[in-house]
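Here the structure comes first, spelled out in structure tokens, and everything after it is commentary.
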Amino acid sequence: MPPDVFAGNLYVGLSDLTLGDKAIEFPLSIKLESTFAHIMSPITVAFARPTTGGHHPGPWKAARGGFGQDITAQITIPTSAGPSVDDRMVIAKTIVFLLRLWTDPSIVMPALSNIPFSQIAHADDGVAQIMPLEHRRRIFQLGLVDQSQVLDSLTWVVDNFTSALTLTKESAEFRLAAHALDSGQFVEDSALILISLWGALEAIFSPSPSELRFRVSALISSYLNPPGSKRMEHQKQIAELYDKRSAAAHGKRKHDGDDVLQTFELLRQVLINMIREGKVPTRIHLENKLFGC
């Protein structure tokens with residue numbers, strides 16, 4: 001990312017999030033608010049190589065294709081929130097991850113701007129620098145059945161932002177799990193989605209390769225449930241999901257969409273637990289839970 005262009009405040013455009021007149025204040029003077037812009041990137045084709053290292057010479061031809069997306073909300077991340085552009089982008093991605101985790105998994109961030117999207121219309125040509133971010137097609141689309149709690153859910157996102165950002169910076173296991181959940185919708189093969197999601201779970205719950213199926217399922221179940229019949233039943237369900245992962249990893253498709261969806265939800269529950277507790281569980285912590293200590 002060119003640091004000179006984005007050395008000031010960052011403005012992250014979001015799609016599929018409707019805030020109305022509600023503005024959300026985060027720690028570090030970060031703000032989430034409503035806006036509107038339509039990002040368009042049509043396809044233009046040139047037919048000759050550049051001769052001087054500049055633009056391709058004409059003629060140019062407009063063609064069908066490209067992408068277009070509505071920006072309906074904007075995250076403002078001031079320079080004071082992070083010392084570098086990369087630090088501020090980590091903040092942006094953490095907020096979007098939390099929004100997808102808790103508010104609506106269909107939210108995407110199509111573009112980054114160096115000035116507010118609402119000001120681009122009045123700026124001189126070339127002043128606004130727009131960087132495309134997320135434009136891949138969602139293959140396994142996750143979404144909400146009921147949109148009525150979207151605005152209320154933002155309180156949890158704000159309250160848990162600091163914990164999630166700390167875990168993102170300090171824990172490789174958390175970063176892997178968050179990335180697997182966040183990017184899973186864009187993976188083009190459901191077997192690869194399962195392998196990715198379970199790879200993240202194994203990084204947390206498999207301190208030893210021995211008896212992997214039982215150990216991982218038992219540790220996850222004990223992490224998410226108190227002792228009792230519910231924990232035992234959940235362990236069996238997780239073990240069945242793990243069998244689907246093993247079959248997928250060896251080229252044998254025994255899973256369906258429900259298995260993928262349940263694995264998404266399992267990893268989601270684990271991530272929410274880690275954010276609430278502010279830590280990734282250690283081997284000793286997991287074994288204490290497993291044996292009721």
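Its DSSP H runs of at least 4 residues, each contributing -39,500 (n - 2.57), put the calculated 222 nm mean residue ellipticity of the chain at -13500 deg cm²/dmol, to the nearest 500.
Comparing ALA123, ALA81, ALA23 in a Gaussian network model of the chain, where Cα atoms under 10 Å apart are tied by springs, the biggest mean-square fluctuation is seen for ALA123. Summing Lys, Arg as +1 and Asp, Glu as -1, what charge do residues with Cβ under 12 Å from the Cβ of PRO116 carry, PRO116 excluded? Summing Lys and Arg as +1 and Asp and Glu as -1 gives 0.
Excluding same-chain neighbours fewer than eight residues apart, the aspartates and glutamates reachable from LYS230 by a Cα-Cα span under 16 Å are GLU240. 3J(HN,Hα) along segment 40-51: 10, 9, x, 8, 10, 10, 10, 10, 9, 6, x, 9 Hz, from the Karplus curve 6.51 cos²θ - 1.76 cosθ + 1.60 with θ = phi - 60°, whole Hz, x for Gly and Pro.
So which of LYS31/LYS279; LYS169/LYS289; LYS93/LYS169; LYS236/LYS289; LYS236/LYS279 end up more than 19 Å apart by C-alpha? Could the numbers behind the result be given before it?
On the way: LYS31/LYS279 26 Å; LYS169/LYS289 26 Å; LYS93/LYS169 12 Å; LYS236/LYS289 17 Å; LYS236/LYS279 26 Å.
Going by Cα-Cα distance, LYS31/LYS279; LYS169/LYS289; LYS236/LYS279 fall outside the 19 Å limit.
The fraction of all Cα pairs in the chain landing in successive 10 Å bins from 0 to the largest distance is 6, 24, 30, 22, 13, 5, 1, 0, given as whole percents.
Reported to the nearest whole Å, the Cα centre-to-centre distance from segment 164-200 to segment 92-146 is 19. Backbone geometry of segment 164-173 corresponds, through the Karplus equation with coefficients 6.51, -1.76 and 1.60 at θ = phi - 60°, to 3J(HN,Hα) couplings of 5, 5, 4, 5, 4, 6, 9, 10, 5, 5 Hz, x marking Gly and Pro.
Here segment 46-147 is treated as a Stokes sphere of Kirkwood radius computed over C-alpha pairs; at 37 °C and 0.692 mPa s its diffusion coefficient rounds to 193 µm²/s. In segment 171-290, the C-alpha radius of gyration followed by the widest Cα-Cα span (Dmax) gives 13.5, 39 angstrom.
None of the figures in this text is laboratory data; all of them are computed from the coordinates on show. Small disclaimer: the values here were computed from a predicted structure and weren't measured. Cβ sites come from the backbone with ideal geometry, for glycine too, and all protein chains shown count toward neighbours.
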